[in-house]
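Student: Have a look at this one before I ask anything.
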Amino acid sequence: MSSFAHTLPYDRMMGDVYVPECPFCHSENVLTPMTDRDYQQGCEEIKTRLVMPCCNGKLMIKKIDSDYFWTTEAVRKTQ
Ligand SMILES: [Zn+2]
């Protein structure tokens, strides 16, 4: 399994979580509706659902590390 395809980079600033590029519609610098509680759950490897505000694309996050969301379905196409 390619784990790279299941990662999505993010940035967290002042409690706000941004995705540099939406994996669905490719909007840039999308501010997500992820709350602190959702974020903490993700860090504790509790599955967290995220709906992208730009296009309603749905992600299921199974883990959050310091750089990436780890998703249950591939969010990137491998070359
Ligand atoms: Zn989008």
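Coordinate-derived values only; no laboratory data. All of these numbers come straight from a predicted model, not from anything done at the bench. Methodologically, a virtual Cβ is constructed for each residue, glycine included, from the backbone with ideal geometry; neighbour enumeration extends over all protein chains shown.
Student: Please specify each residue of the stretch 1-58 satisfying the condition of being aliphatic (A, V, I, L, M), in a strand (DSSP E or B) and without any contact (Cβ under 8 Å) to a residue 60 or more places away in the chain. Spell out how you get there, then give the answer.
Tutor: Our first condition is that a residue be aliphatic (A, V, I, L, M); within the stretch 1-58, this holds for 1, 5, 8, 13-14, 17, 19, 30-31, 34, 46, 50-52.
Filter once more, keeping what is in a strand (DSSP E or B): 8, 13, 17, 19, 30-31, 50-51.
13, 17, 19, 30, 31, 50, 51, listed by residue number.
Student: Could you list, in sequence order, the residues of the stretch 59-74 that are in contact with a helix residue (DSSP H, G or I) (Cβ under 9 Å, 6 or more places away or on another chain), part of a loop (DSSP other than H, G, I, E, B) and among the charged types (D, E, K, R)?
Tutor: Across the stretch 59-74, the qualifying residues are 65, 73.
Student: Would you pick out the residues in the stretch 41-75 that are farther than 17 Å from residue 11 by Cβ and more than 10 Å from the chain's Cα centre (by Cα)?
Tutor: 41, 44, 45, 46, 47, 55, 56, 57, 72, 73, 74
Student: From the list 9, 23, 53, exactly one residue is within 12 Å of the ligand (Cβ to nearest atom) and either surrounded by fewer than 11 Cβ atoms within 10 Å (Cβ to Cβ) or closer than 16 Å to residue 76 by Cβ (or both). Which is it?
Tutor: 23
Student: If residue 35 satisfies all but one of (1) closer than 17 Å to residue 4 by Cβ; (2) polar (S, T, N, Q); (3) surrounded by fewer than 16 Cβ atoms within 10 Å (Cβ to Cβ), what's the number of the condition it fails?
Tutor: That leaves (1) as the condition not met.
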